[in-house]
Amino acid sequence: MSGGTFVGMPSFPKAAHEAVHNQTLRGNLRHATHTIRAKRANAVAEVSDWAELREAGKQIKDHTLRHLDRYLVQLEESVTAAGGTVHWAADADEANRIVTYLVKATGESEVVKVKSMATQEIGLNEALEAEGINAYETDLAELIVQLGKDRPSHILVPAIHRNRGEIRDIFAREMSEWGRPAPEGLTDTPAELAEAARVHLREKFLRAKVGVSGANFMVAETGTLVVVESEGNGRMCLTLPETLISVVGIEKIVPTWQDLEVFLQTLPRSSTAERMNPYTSTWTGTTDEDGPQSFHLVLIDNGRTDTLADEVGRQALRCIRCSACLNVCPVYERAGGHAYGSVYPGPIGAILSPQLRGTQSEIDASLPYASSLCGACYDVCPVAIDIPEVLVHLRERIVEGGVVTRDGAKVVLKPAKGHAAERAAMRAARWAFGHPGALRTGQRFASRTRRFHPRTLPGPGKAWSETRALPTVPAEPFRDWWQRTHGGNKSGGGAK
Amino acid sequence: MRVALFLTCVNDTLYPDTGRAVVKLLTRLGVDVDFPMAQTCCGQAHYNTGYRHQAEPMARHFSDVFGGYEAIVTPSGSCGAMVRELYPRMGERARAEGRGDTLAATLAPVVPKTYELTEFLVDVLGVTDVGAYYPHTVTYHPTCHGLRSLGLGDRPRRLLQSVKGLELKELPGADECCGFGGTFAVKNSDVSAAMGADKVRNAESTGAEVLCAADNSCLMHIGGTMTRLRTDMRPVHIAEILASTEEEPLS
């Protein structure tokens, strides 16, 4: 099973420190993100009503989230009427227990998996492994991650941090442990690598009796689930097994097929820069003698209702996991996906993880600061999530504390530790800015002592001066010059 | 037209040349400029670091100081965006916290009449040729808040293209953040420095002598990186280029 987990991750700056200095990783990420970034811009530019589609997507999601209680019940009724069974899971443990129980009930000890963020979020593969069940990832990139005992570093392209040479080595070394070995003399050409994966996976598809999937969308009016993908491996998992278990976050609902239409236009262009993705699979319950004869839908909350309770933060639940924000993010490009310590990396991960998991851990408390607030993520988001707004909101939660919802109950968070010096500095600055005279005294002191200013700073200031020269303090601040040259006749200040 | 210069605390303390340039430029264009001495800071650093409640009295102070002017001009994209984009949001949040409309009402008057310098020149004064002379090759970095929050678009470039003697070079990856980001520069210094170094390398590849931007905070980070990387380029604020004339060239 996948060897890497996110438990006990260090803070973002610590994790990013390694990545920034890894030249291979920087090269891989730069090449991949810049390529897809440019393609996406073209794919979006050719749609004349993109702004309207974006606004429609935002409004559909906001409407659905506002009436989530109603649509979830409607979905359960539709799925049940179509021959499926709906299970409700409040958290990751409950979801894992349900899926494990369902797999065991079939008597099988293997499952094939469609690429799914939700099952990674709850650590399903590890939970199944603990019960003696092998879960095989069948998405090409997920296969690379699983065989490499690695962690995904991107929502759409989980192995974005690997180059072809690294992938060849992983296939040659690991495939035989899991099933059909890689062919002798495998090279790093894309066609050969794809063929090796194809042959290896085909064996799994034909043998599997149980499939596990997530879903991109769930249509409440008919109880239909939708998976959008490029490879066709997902469709194999969705159609060949006798039993299909889909694990989906409760926010993935859209009310109607007409609503779905908006996202089927914006998602492929935002994620893979395609006008339309190669495979869109939809299924509604079960159909006699066609596809899985047993269908289970496991709806997971796992922090979503708590997130929904926050007026500013709830917009993160609009996310359709396109990963456009990752591809355009200068911080992601340099820090890499692993530094975010979550299956949700990049800007969206920086606002989603601390809400779904809370801000107690070192990594979650550091994520809201993993951004220069440049706003590129908000610009490209197809459902207009104002990521910088939520980042600042979460920073406030960390430094000021306040009321949040955890496990459905209101709790009061204390201000986080480790911000004492910053808090004192902010308070002192605020006081000075409230007293222009004091500010002026400080400015003059800085100007008069400028000969003695060091060129590098000790302590926390080193974080600046190690790579950047300090600005030279001028002989006099502007306000002194103004008063010398323009003083007296105007500029009294104060309310006019 | 009587206009207040909102210089920003960073420019007042560290970059008075930029302030003098704005005064010189606007005066040349027939604008009556005042510098209200009671001005301090718009509260952006506090707000963006999570201290919104501490930023509120600073925003109220800003409104007290500047509320009486016809227009408020600032040579900073990010401080301009603080007033225009985030002051209304502070008002909304106060309302959502059950504190009524007082803050929103106090801040409302300054929001629509605050202009970033290049906006003021192009939109309010209606000029792109400001009569400037600057015989150097320049590449322009559009800073994030000017670009994406205020939507400055091609205004700075149009102004630079009209400067006599100035040769404008395209900056590769111009839209990408330089990595400053306020406290981000210190809290995530590794990533910030890597972004800064990439920005400087892109600027160097243009062969320009000068990297120009409309925000000195970003230029402090980029310029500091240039010094450490021993680059021949220098950072210059757009106001100083636009203020430069044949009679009084920027030294």
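In terms of surrounding Cβ atoms within a 10 Å radius of their Cβ, A:Y344, A:Y332 rank from fewest to most as A:Y344, A:Y332.
Once you have a ≥ b ≥ c as the square roots of the Cα gyration tensor eigenvalues for segment B:60-144, tell me rounded if a/c is under 1.5, and otherwise prolate or oblate according to whether a/b is larger than b/c. The shape class here is prolate. In order along segment A:164-175, phi translates into HN-Hα couplings of 4, x, 5, 5, 4, 4, 5, 4, 4, 7, 9, 4 Hz, rounded to whole numbers, per the Karplus curve 6.51 cos²θ - 1.76 cosθ + 1.60 with θ = phi - 60° and x for Gly and Pro. What the phi angles of segment B:137-154 give under the Karplus curve with 6.51, -1.76 and 1.60, with θ = phi - 60°, is a coupling list of 8, 10, 10, 10, 9, x, 6, 4, 6, x, 6, 9, 7, 8, x, 5, x, 8 Hz, glycine and proline written as x.
Helix A:68-81 and the long axis of chain A differ in direction by around 10°, with both axes built from C-alpha atoms. Per residue of peptide A:475-485, the mean number of Cβ atoms on other chains within 10 Å of the residue Cβ is 5. Protection proxy ranking for A:28-37, B:78-87, B:155-164, using the average of other Cβ atoms within 10 Å per residue and placing the highest first: B:78-87, B:155-164, A:28-37.
Look at the stretch B:30-37: the mean tally of other chain Cβ atoms within 10 Å of its residues' Cβ atoms is 5. Using the Cα coordinates of the protein assembly as shown, the gyration tensor eigenvalues translate into equivalent-ellipsoid semi-axes of 51, 28, 23 Å, sorted from longest to shortest. Comparing B:F35, B:F180, B:F62 in a Gaussian network model of chain B where C-alpha atoms under 10 Å apart are linked, the largest mean-square fluctuation is found at B:F35. Here the ratio of the Cα radius of gyration of segment B:2-124 to 2.2 N^0.38 Å is 1.04.
Calculated mean residue ellipticity at 222 nm for chain B: -12000 deg cm²/dmol, from DSSP H runs with n ≥ 4 weighted as -39500 (n - 2.57), summed, divided by the residue count and rounded to 500. The alpha carbon centroids of segment A:368-424 and segment A:13-64 are separated by 21 Å. For chain B, the spherically averaged projection of the C-alpha convex hull amounts to 12.8 nm². Tell me, how many Å apart are the Cα centres for segment A:148-178 and for segment A:291-367? Cα centroid to Cα centroid, the span is 23 Å.
Cysteine residues of the protein assembly as shown whose C-beta has no other cysteine C-beta under 4.7 angstrom: A:C237, A:C319, A:C322, A:C329, A:C381, B:C42, B:C79, B:C178, B:C212, B:C218.
Taken as Cα centroids, segment A:444-484 and segment A:218-243 sit 61 Å apart, rounded to the nearest whole angstrom. When shorter helices are ignored and each DSSP H run of at least 4 residues is given -39500 (n - 2.57), the per-residue value for chain A at 222 nm works out to -15000 deg cm²/dmol.
Looking at chain A, the DSSP beta bridges with both ends there are about 40 percent antiparallel. Counting Cβ atoms of other protein chains within 10 Å of each residue's Cβ and taking the mean over peptide A:11-23 gives 3. Taking a ≥ b ≥ c as the square roots of the Cα gyration tensor eigenvalues, segment A:12-304 comes out oblate, since a/c reaches at least 1.5 and a/b does not exceed b/c.
Close amide H partners of A:V247, meaning residues 5 or more places away or on another chain with modelled amide H under 5 Å apart, are A:S213, A:G214, A:V298.
Read the figures in this text as sums done on the coordinates, not as results from a lab. Please read all numbers here as calculations on a predicted model, not as lab measurements. Methodologically, a virtual Cβ is constructed for each residue, glycine included, from the backbone with ideal geometry; neighbour enumeration extends over all protein chains shown.
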